[in-house]
Amino acid sequence: MLSWKNSFIKNYKLITILVMSFLYVFIGVKHFTNPQYFINITPPQIEYKSFAVYFTGALEVLGGLLILSKKTRKTGSYILIFLLVV
């Protein structure tokens with residue numbers, strides 16, 4: 001029974017990582033393909049809206065790709081956490 005739980009947890013973790021990676025990369029790419037949408041929802045306090053949109057899009061793509069590998073997952077996680085906090 002214990003091995004079943006371990007297998008379930010490993011599969012759940014893998015699926016979660018794949019879904020999160022896909023979502024971050026997808027939305028990150030959308031920053032480049034439809035930047036006006038993101039510029040429109042950028043708070044007025046941000047002066048360089050285009051730069052902010054492209055910069056956050058690049059961070060999302062980079063972080064989403066980095067969380068796929070065990071070796072780079074921690075770095076990717078820190079990038080995405082930084083992005084969410086900012």
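Miscellaneous remarks
- The order of the peptides 44-50, 26-32 by mean Cβ neighbours within 10 Å, most packed first, is 26-32, 44-50.
- Bins of 5 Å from zero: percent of alpha-carbon pairs in the range 10-73: 4, 19, 24, 18, 13, 10, 8, 3, 1
- Gain in span if fully extended, K10 to L84, counting 0.36 nm per residue against the direct Cα distance: 24.1 nm
- Accessible area of the chain divided out per residue, in Å², using a probe of 1.4 angstrom: 77 Å²
- Sequence-ordered 3J(HN,Hα) estimates for the range 52-68 from the Karplus curve with 6.51, -1.76 and 1.60 and θ = phi - 60° stand at 4, 5, 5, 5, 5, x, 5, 5, 5, 5, 4, x, x, 6, 5, 6, 6 Hz, glycine and proline given as x.
- Accessible area of the chain belonging to carbon and sulfur atoms, whole % at 1.4 Å probe: 71 percent
- Taking the chain and dividing mean pair separation by its residue count, relative contact order in percent (alpha carbons under 8 Å, at least six apart): 29 percent
- Theoretical gain in end-to-end length, L18 to L65 [0.36 nm per residue, Cα-Cα removed]: 16.0 nm
- Accessible surface comparison of K5, K71, K10, probe 1.4 Å, protein chains only, largest first: the order is K71, K10, K5.
- Taking all protein chains together and rolling a 1.4 Å probe, L84 ends up with roughly 120 Å² accessible.
The values are calculated or read from the model by the stated rules, or taken from the named source; none is laboratory data. Small disclaimer: the values here were computed from a predicted structure and weren't measured. For neighbour counting, all protein chains shown are included, and Cβ atoms are generated from backbone atoms with ideal geometry for every residue, glycine included. Quick note on the areas: whole protein, heavy atoms, side chains included, nothing else; ligands and nucleic acids left out. Shrake-Rupley method; radii C 1.70, N 1.55, O 1.52, S 1.80 Å.
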